[in-house]
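The values are calculated or read from the model by the stated rules, or taken from the named source; none is laboratory data. All of these numbers come straight from a predicted model, not from anything done at the bench. With ideal geometry, Cβ positions are generated from the backbone for all residues, glycine too; neighbour counts draw on all protein chains shown.
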Amino acid sequence: MEIAVNGVSTRKVSQITEELCGTKFSKSTVSELCKNLDPIIEAWLNRPLSDDQYPFLLVDAMYLKVREDGRVRSRGVMIAVGINADGHREVLGMMVGDTESESSWSEFFSRLKDRGLNGVDIITSDDHRGLVRAIRQYFQGVTWQRCQTHFMKNILDATPNSLKDEVHSHVQAILEAPDEETARMLLGKTTSFYEDKAPKAMSILESGFDDASAVLVLPEKYRKRLRTTNSIERLNEEIRRRERVIRIFPNRESVIRLLGALLMEQDDKWTTGKKYSDMEEYFTWRESEILSQTHKVTRIF
């Protein structure tokens, strides 16, 4: 089972076991043995989340090919990674959906909240319309950070080839500005300079600026890891490495089996390993923000 989960095809597993043990296990036998993982993975995917808060949440989706009803169909796999109050990353959940639609994301978020997800302050994701609508419905009042990697790609895709390098440099300076005031000043200069040379790109930059620069409200030490979904993208790459061996999953259960086993293993490494982030400064900042808002309300009344 461990060999199969680590991305070795059932045919090769059969060959390896015959070489090592002198006994040949057929591909179907290997597949049947792997089904023993199902109740373990199912229990892990439905586990209650701790009473802890998860201030930072990163969500992303990937597409896999699954055989259903005699046809090969593309299915979305939604994954959520949280950073808890202790500063450790956790794989909070995974769900296979028909599409990466608002209804699928809504179901996914509903399941996470039913299992105890709370205390979310910042959510980082791509600018997928259905995803963003679901975030606004299920996490009202939470700050949404648009992934800057995807944002940059959207801008450059609309930029003439001859200007891509210089536009990239200007946009990067905006996104890495030390504060919002500086970022807005650089935004104004960039859009003014390129509005005639790259109008579509500047329109995307201007309309998406607020969402892509949302992390500027946070203390500087937390911005780099929350400005993109790169950490979850690396997790997706590891899934892809193993998924390429299979290419087409025979059913949804096999998707949950392979990906669930991988995510469960990664979650164990994260939660028992080194802290991903020191959260002390964040909670100090958060408390000061709450006090500041309370004083403003008091003065109004």
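Screening the range 190-229 for residues that are assigned to a helix (DSSP H, G or I) and among the hydroxyl-bearing types (Ser, Thr, Tyr) and picking the one that is surrounded by the most Cβ atoms within 10 Å (Cβ to Cβ) gives Thr190. Report whether or not Glu181 is surrounded by 14 or more Cβ atoms within 10 Å (Cβ to Cβ) and assigned to a helix (DSSP H, G or I). No: the conditions fail for Glu181.
For the range 97-133, which positions are part of a helix (DSSP H, G or I) and surrounded by fewer than 19 Cβ atoms within 10 Å (Cβ to Cβ)?
Glu102, Ser103, Ser106, Glu107, Ser110, Arg111, Lys113, Asp114, Arg129, Gly130, Val132, Arg133
Condition check: part of a helix (DSSP H, G or I), modelled with pLDDT of 90 or more and in the same structural domain as Val91 (by TED's automatic domain parsing). Does Thr298 satisfy that?
no
In the range 50-61 there is at least one residue matching the filter, namely being of a type in the set (A, V, I, L, M), part of a strand (DSSP E or B) and modelled with pLDDT under 95. Only one of the numbered conditions (1) part of a helix (DSSP H, G or I); (2) crowded, with 20+ Cβ neighbours inside 10 Å is violated by Glu253, and that is (2). Answer with yes or no whether Leu187 is modelled with pLDDT of 95 or more, surrounded by fewer than 19 Cβ atoms within 10 Å (Cβ to Cβ) and out of contact with any Gly (no Cβ under 9 Å at 6 or more places or on another chain). When the stated conditions are applied, Leu187 does not pass them.
So, in the range 67-87, of the ones that are crowded, with 20+ Cβ neighbours inside 10 Å and aliphatic (A, V, I, L, M), which residue ends up farthest from Thr271 (Cα to Cα)? Only one residue fits best here, namely Val77. Val167 meets all of the listed conditions (1) of a type outside the set (Lys, Arg); (2) in contact (Cβ under 8 Å) with a residue 60 or more places away in the chain; (3) outside the structural domain of Trp105 (by TED's automatic domain parsing) but one, namely (2). On the given criteria, is Ile83 among the aliphatic types (A, V, I, L, M) and assigned by TED's automatic domain parsing to the domain that holds Thr272? Considered against the rule, which asks whether it is among the aliphatic types (A, V, I, L, M) and assigned by TED's automatic domain parsing to the domain that holds Thr272, Ile83 comes out as yes.
Thr17 satisfies every condition listed in (1) surrounded by 15 or more Cβ atoms within 10 Å (Cβ to Cβ); (2) part of a strand (DSSP E or B); (3) modelled with pLDDT under 95 except (2).
Screening Met95 on (1) free of Cβ contacts under 8 Å to residues at least 60 places away in the same chain; (2) touching a Cys at 6+ places or on another chain (Cβ under 9 Å) shows it passes everything except condition (2).
In this structure, is Asp38 at pLDDT below 90, in contact with a Gly (Cβ under 9 Å, 6 or more places away or on another chain) and in a helix (DSSP H, G or I)?
Criteria met by Asp38.
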